[in-house]
Amino acid sequence: MLPGDGDVATAPIRTLCALLAAAFLAGPASALELRIDYERAFSPNGDQSQDSCRINVTADGGEAELDFVYVGIYSAAGIPPAPADLLIDLVSTSVATATDTLVTSTWDGRDQYGAPLADGFYYLHAFARAGADTLWHHPAIQLEINTAGPTFHSVSMEPTPWFTPTAEAADTVLQLFFTSADFDTLTDTATARLDRFDPEAAAWNEVALVERDASYYQFTGGVPRMRLLWDGRDAEGAIVDGAYRARLRLEDDAGNPDDETLVGLDLDTAAPALSVLDFGGEAGGATFWFHPDSLPDTLFVRAADRQAVDSCRVAWKTGGDFDSLALRLPGAVPDSTDFAVPLLPRPAAWVGDSTLVDGTYRIRLDARDEAGLWTQDHGTVLSLTIHVDGEAPPAPAWTTTTTTYIQQVAQLAGTCAEAGIDVRLYEDGDERQTVAVNASGAFSAYVTLSAGVHDWTARGVDETGNLSPPSAALSIAYRPGPALAIPGRLRGRPGETIQINTAEDAASVTLRFYALTGGLVRVIEASGGPREFAADWDLRDDAGRDLLDGLYVVNVRVDPVQGDARYERKVVAIVRD
Amino acid sequence: MSATRRILAAACLLAFLAAPAAAGSMGGSFRLWEHGARDLALGGAGTLLAPGAESLFTQPASLVGMDGWEAGASLRRLGGGADLYLSSAVLGWGSGHRAPLASERTPTSLGAAAGAFQYLGATLADDTTWGEWTLAGALAWSPLRWLSVGARGSLAGGGHDDGEDVGRAVSLSAGVRAVVLHPALEVGYVAEDIHHRFRWEDGEDRRREPAHVFAAAARLPWRVAAECLGRRRFATWERIALGAEWDAWPGRLVLRGGLTRHGLGEARWTPSLGFGLGLGDFRLDYGAAFDGGDGPGSEHRLALLWRGGGP
């Protein structure tokens, strides 16, 4: 609008502009001050949310009386504002008698002709005069009209959605990039809430909150590009392997609805888990026993990982150390999790004979996922021990010295020069039971006796099925009926059970052991009943001390259910090995 | 070295030897067993009342009670069904007889020595047999009229009759007795097994924990004498006994009785009775302890003693 075109509305403005120009050049010469409270952004779209912009201007003239206060909206920020940039006068008030005033105004986003203005930035200009020589202009304030809400244009992650912050030479920060077509995204609030999946509860749990990286802004392809940064740590500072999702949210400050989008990612700190899939018909375990004739030629291994497995390597230990040459297995390609390790014939890359003789061998397997995580660095390598044994164990020997029993269950015991194997027990040549040999080479088992006299033999069988020659025969006599069966010599071995069969039902049987000098050294209540009782003596006194070897008198007291107690005394000898 | 210094040195040596060097066990056999029928009749409280060759088995310091030589033999059998028997023979000799003062009741030699042999046989619960033998020797010395000391060593062996389980043991004990306060009052102490080692052939050494035996005896009017005794091991009184004898017909008949309290495990009381018949240089003693029911069984001993060579 040009001067002199007859528009009455612009006449005072032109006058003011002239005054402002003079005041701007001269600067404020009094204590006159303007304070403006306003809402920067609003969306005049009738959704009842920030549809207008509230503006409160407080003018303080100090000692001087205010002449007037002016507030207007312009399309440019320049000072003094150009009349041509005026969009609407909000306030033009002359206060002649007051030294300060408060002016409240509301802008609905329209110009002085009532036409709605387009989305964009506009500028609030306010100035006041207190006396002819005092004019104060407030710096221009940017206001925003934005009737369109924020929207995620695109979301991407760098380096990849498989985030491996603990991998060697890997990025330790995940970048969540997003773009938005909204022109004011930079002033909006952008956040990402990280949820971790709990497989047991089948639920997502929020573990971290990250905000927009304020230092990063790019304008590419006609849209702004921003980012959020996450170092993989949850609220407690821990880096936990698992499936995650990021809930990105843009909150608009002009009152338009927020926008939210969801992206999935994986935080990977775990290397592949290795297990034996099949090894001669056996799965799992770490120790294998094979007879040379049944040694499998291939070991099948499974490498499981949430990512694809990149490779698997095997090392063979024949001596004190593992072979320095690790074998990268053929077929170890991404997404392949099962591997075949050739054993026979042994690969040329491994040292030693091409065949396996009796002995112990060790294999160590390691795997790497696509993120570059090796199991040996981020897990437990699979270490296998292979025993090749074609030699039969030595024949066991009986340590049981009691050969006559009056109760049907007896404990037979013996030793075997090869520990860790099993012993099969035979009664008159028929296999009855299998029992393990402990680390010290001893075995014992409770067996059920057959009436009469029978020969018991034992044969050792090792892990690979080699069977030892039979032991010497142990003739066991089982004669049921009322009797007292006490070993004459007690050596503290398994099976030295004192058995008492009573002729009638008994309430209890008590054994009292006396030294030959008359001192009572031990009292034992026999277990069982009502007619078959048994007791084991550990050759200690009541205070738990080992008794000295030699003769003792045992007094067996039987308390029948009806009638008086009966006593029987025997002499026993402690003969420790 | 004066007699007093010798006594002090012997007492120090005794105390040193009696201190246990390492944890030991109790019970067992391969040892010198109590032998005398007189001792059994007194409930085991005969360490001071029966000075003579039989003291070899209980209180070696009492050997000085011999006036000349003594020879004895005894049989011991356990009743109640346990098949166990013990036979013993002892020979002793005292030297340097002191003429007793009017107030003294116990004849005392300056020195004495004795030796014994025992055989213990048993039938075990599985009807197999067992046999042990023991050789023992002892020396006693009375440096003062009111004091005597003695030491005893033994060697035992044997085992199962199949020859598979054969053991050996050596043992050393020492004792002291003294007249205190009144000529009729005596006290005694025996450190049993102050040195002891036992082992099976090719086996490990094992040791019996030393026992401490304290005794006091009084010779009362009307030809009555009494003794009380306590045996202590592992901080426990294994046995406390009281015995008395009445010389009913001097030189012909002695009546004896005793009461023993066994303190290990379930405490129990065992009464005992016995008598002695004098026939010139011979004496025949019988003793019995009654321990039925829950006990190890009653016991009977018969002993014959022949004395000679005295003043």
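The numbers here are math on the coordinates, done by the rules we state, and not lab data. Only a predicted model underlies this, so the values are computations on that prediction, with no experimental measurement involved. With ideal geometry, Cβ positions are generated from the backbone for all residues, glycine too; neighbour counts draw on all protein chains shown.
Once Lys and Arg get +1 and Asp and Glu get -1 on their Cβ, which of A:SER450, A:GLY414, A:TYR426 lies farthest toward the positive end of the dipole of the range A:411-461? Of the candidates, A:GLY414 comes out farthest on the positive side. Residues of the range B:50-71 with an amide N closer than 16 Å to a point placed 7 Å from the Cα of B:ARG98 along the Cα-to-Cβ direction: B:51-52, B:61-68. With K and R counted +1 and D and E -1, the other residues having a Cβ less than 9 Å from that of B:LEU255 yield a net charge of -1. A simple rule links phi to the HN-Hα coupling: the Karplus curve 6.51 cos²θ - 1.76 cosθ + 1.60 with θ = phi - 60°, which for the range A:117-128 gives 8, 6, 4, x, 9, 9, 10, 8, 10, 9, 8, 9 Hz, with x for Gly and Pro.
Charge tally around A:ALA77: other residues with Cβ under 15 Å, Lys/Arg +1 each, Asp/Glu -1 each, net -1. Summed over qualifying helices (DSSP H, 4 residues or more, each -39500 (n - 2.57)) and divided by its residue number, the protein assembly as shown shows a 222 nm mean residue ellipticity of -1500 deg cm²/dmol.
Could you work out the equivalent-ellipsoid semi-axes for the protein assembly as shown, taking the square root of 5 times each eigenvalue of the Cα gyration tensor, largest first, in whole Å?
112, 43, 25
Taking trypsin sites (Lys or Arg not before Pro) across the range B:23-104, the ones in a DSSP loop with at most 15 further Cβ atoms lying within 10 angstrom of their Cβ are B:ARG98. Roughly what % of Cα-Cα distances in the range A:397-478 sit above 19 Å, to the whole percent? When every Cα pair of the range A:397-478 is considered, 29 percent fall beyond 19 Å. The trypsin sites (Lys or Arg not before Pro) found in the range A:454-529 include none that occupy coil by DSSP while having at most 15 further C-beta atoms within 10 Å.
Amide H contacts of B:SER298 (H built 1.01 Å from N, in plane; Pro and chain starts excluded): B:GLY79, B:GLY80, B:ASP291 sit under 5 Å, all sequence-distant by 5 or more or on other chains. For chain B, the longest principal axis of the Cα atoms and the long axis of helix B:3-18 meet at an angle of about 20 degrees.
Other residues within the sphere of radius under 13 Å centred on the Cβ of A:THR502, judged by their own Cβ, net out at -2 (K and R +1, D and E -1). Coupling constants for the range B:117-133 follow from the phi torsions by the Karplus curve (6.51 cos²θ - 1.76 cosθ + 1.60, θ = phi - 60°), and in residue order they are 9, 10, 9, 10, x, 8, 10, 6, 4, 9, 6, 8, 10, 9, x, 10, 10 Hz; glycine and proline get x.
Percent relative contact order of chain A, based on C-alpha pairs within less than 8 angstrom and at least six residues apart?
With pairs under 8 Å counted, the relative contact order is 8 percent.
Amide H to amide H distances under 5 Å link A:GLY131 with A:ASP67, where only residues 5 or more positions off or on other chains count and H is placed in the peptide plane. Partner shielding of B:265-271 amounts to 3, given as the average count of beta-carbon atoms from other chains within 10 Å of each residue beta-carbon. Considering the dipole of the protein assembly as shown built from charges on the beta carbon (Lys and Arg +1, Asp and Glu -1) around the Cα centre, which of B:ALA178, A:GLY563, A:ILE55 is farthest to its positive end? Working it through, the farthest residue towards the positive pole turns out to be B:ALA178. Nearest 10 degrees, 0 to 90: what angle lies between the long axis of helix A:11-26 and the longest principal axis of chain A (Cα atoms)? For A:11-26 against chain A, the angle is about 70 degrees.
3J(HN,Hα) couplings calculated from phi for the range A:542-550 with the Karplus curve 6.51 cos²θ - 1.76 cosθ + 1.60 (θ = phi - 60°) are, in sequence order, 5, 8, x, 8, 4, 8, 6, 5, x Hz; Gly and Pro show x.
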